[in-house]
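A quick write-up on the structure given underneath.
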Amino acid sequence: MSNTSLVTAFILTGLPHAPGLDALLFGVFLLVYVLTVLGNLLILLVIRVDSHLQTPMYYFLTNLSLIDMWFSTVTVPKMLMTLVSPSGRAISFHSCVAQLYFFHFLGSTECFLYTVMSYDHYLAISYPLRYTRMMSGCSCALLATGTWLSGSLHSAVQTIMTFHLPYCGPNRIQHYFCDAPPILKLACADTSANEMVIFVDIGVVASGCFLLIVLSYVSIVCSILRIHTSEGRHRAFQTCASHCIVVLCFFGPGLFIYLRPGSRDALDGVVAVFYTTLTPLFNPVVYTLRNKEVKKALLKLKNGSVLAQGE
């Protein structure tokens, strides 16, 4: 990072909204954040206490819940502060660096994790007899560790490319959190090379992961069509449906913001709400409402707590 930077703090303009909606938006996003944290904590608790859920799929779902809680915490509390008072819009230079790093770290890790989860579904459906051996505990740990390390490396590139530039003039970021595209607009230097690197880097990661997921599901569909019983086909489709929903909710807005020419500050801010705020909430909801095993585990957990209270 450059030592010539004269900017010691940035001002976040916040989420674009009509005047007078601060209190309403604060209440809505606070509720969403609380539900996100509680929902993901509940998923973690259920998987931890139910022995039937000690499988590779739920091991990766545990990682996803951890990412979602952290991912939401990186952006939403600061957004809530911008809605409370004008002073809440200020963010120090180093806090901005940290926010951008963790945002891209968790976002890219989630991207890689979705890819690993699609590969896990592919093995479970296409090679059911060899699945346990192929996705052993060691294999799961290595795959999960690889997603976290890859996300960290990807984010380090984004952060270094963004903040090695000098920032000596305007300090108003047209966003509700520190992200590379709006920050680069404030740099006192040519940013064309940075923008190209970010575009290619994110493009390769996001498009590559999405392509691998699509290829996995093409293979999965082919394998499902070879299943003889309608009950077996339905169960296989049900297993993959939840993952498909959250993948589309995550990749759609992200690809829209980072992989299109030009930038529209207000529109980018609104679209970013989907994958920074709503997708972390969708994951526990989708995996709870569409997953019979998780619903059974929740009922068992509820009945167990009731019995404990009765005793």
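The values are calculated or read from the model by the stated rules, or taken from the named source; none is laboratory data. Only a predicted model underlies this, so the values are computations on that prediction, with no experimental measurement involved. Positions of Cβ are generated from backbone atoms using ideal geometry, with glycine treated the same way; all protein chains shown enter the neighbour counts. Surface areas here come from the heavy atoms of the whole protein model, side chains and all, with no ligands, DNA or RNA. Shrake-Rupley method; radii C 1.70, N 1.55, O 1.52, S 1.80 Å.
Comparing S136, L165, F199 along the charge dipole axis of the stretch 76-216, the residue lying farthest to the positive side is S136, per the Cβ-charge model.
The H on the amide N of Y176, modeled in the peptide plane, is under 5 Å from the matching H of G14, each at least 5 residues off or on a different chain. Volume per residue of the convex hull around the Cα atoms, evaluated for the stretch 9-309, comes out as 149 Å³.
Here the calculated FRET efficiency for S230 and S139, from their Cβ-Cβ distance with R0 = 25 Å, stands at 0.20, rounded to the nearest 0.05. Measuring r between the beta carbons of S92 and A241 and using R0 = 41 Å, the FRET efficiency lands at 0.40. The stretch 205-223 and the stretch 96-116 have Cα centres spaced 20 Å apart. Under the criterion of Cα pairs below 8 Å and six or more residues apart, the relative contact order for the chain equals 28 percent.
Computed from Cα positions, the angle between helix 56-84 and the longest principal axis of the chain comes to roughly 30 degrees.
Here the stretch 1-132 yields Rg over Rh of 1.11, to two decimals, using C-alpha coordinates and the Kirkwood radius. Protection proxy ranking, highest mean first, for peptides 13-19, 57-63: 57-63, 13-19, where packing is the per-residue count of other beta-carbon atoms within 10 Å, averaged. For the residues D68, D190, a 1.4 Å probe over the protein chains yields an accessible-area ranking, largest first, of D190, D68. I want to verify a result. In a Gaussian network model of the chain, Cα cutoff 10 Å, which of these has the top mean-square fluctuation: E195, E110, E231? Judging by the Gaussian network model, the answer is E231.
Helical content alone sets the calculated 222 nm signal of the chain at -25500 deg cm²/dmol, taking -39,500 (n - 2.57) per DSSP H segment of four or more residues and averaging over every residue. Per-peptide packing, taken as the mean over residues of other Cβ atoms within 10 Å, places 200-208, 278-286, 151-159 in the sequence 278-286, 151-159, 200-208 from highest down. Expressed as a fraction of 2.2 N^0.38 Å, the C-alpha radius of gyration for the stretch 106-201 is 1.53. Measuring nothing but how far apart in sequence close Cα pairs (under 8 Å, 6+ apart) lie, relative to its length, the stretch 22-146 scores a relative contact order of 31 percent.
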